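Just so you know, all these numbers are worked out from the coordinates, no wet-lab data involved. Worth saying up front: this structure is predicted, and the values here are computed from it rather than measured. Please note: Cβ atoms are built from the backbone with ideal geometry, for glycine as well, and neighbour counts cover all protein chains shown.
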Amino acid sequence: MFEKIDYWVTAASYADRKGTWLLEAALIHPNIGESHEFNEEWTREQILEKCDVFVFCTIAKNEKGEWKRMEQVRKIKTEQGEFLRVDGKVKAGDQLGLLPTIEEVL
């Protein structure tokens, strides 16, 4: 079940850091209506910091070009550290689902 969504995530870029895929940055949009044009590029650290207070959810356009809500982003704690995941798996590495890369949408 979704809580009140504060921010939408529409794109993400990753990097392999010593064998673990970590988020480099993501495009974040405040949930202020139907428009998702306003966005900011946030770092992994910014999202991790705000994930305890705000609810993030991924969103993508469907075949008709309409925005479709996807999964909620959650902070997962493991022995290797904290990670951002939408699949709920407790494992090392960030995973925000099937989002385009930032380079693809800019």
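Residues checked against (1) under 10 Å from the mean Cα position of the chain (by Cα); (2) within 21 Å of Glu24 (Cβ to Cβ):
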| site | (1), (2) |
| --- | --- |
| Val53 | no, no |
| Phe56 | yes, yes |
| Trp67 | no, no |
| Ala92 | no, yes |
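Against the list (1) under 18 Å from Leu99 (Cα atoms); (2) touching a helix residue (DSSP H, G or I) at 6+ places or on another chain (Cβ under 9 Å), the condition Asp6 fails is (1).
Got a number for residues in segment 20-69 being of a type in the set (Ser, Thr, Tyr), touching a residue at least 40 places away in the same chain (Cβ under 8 Å) and more than 15 Å from Val105 (Cβ to Cβ)?
Of the residues in segment 20-69, the ones of a type in the set (Ser, Thr, Tyr) are 20, 35, 43, 58.
Narrowing further to those that are touching a residue at least 40 places away in the same chain (Cβ under 8 Å): 20, 58.
Pick out the ones that are also more than 15 Å from Val105 (Cβ to Cβ) and you get 20.
Qualifying residue count, segment 20-69: 1.
I'd like to check something: does segment 28-41 contain any residue that is of a type in the set (Gly, Ala, Ser) and at positive phi? Checked segment 28-41: at least one residue is of a type in the set (Gly, Ala, Ser) and at positive phi.
Residue count for segment 29-45 satisfying the condition of being over 16 Å from Lys4 (Cα atoms), part of a strand (DSSP E or B) and not aromatic (Phe, Trp, Tyr): 3.
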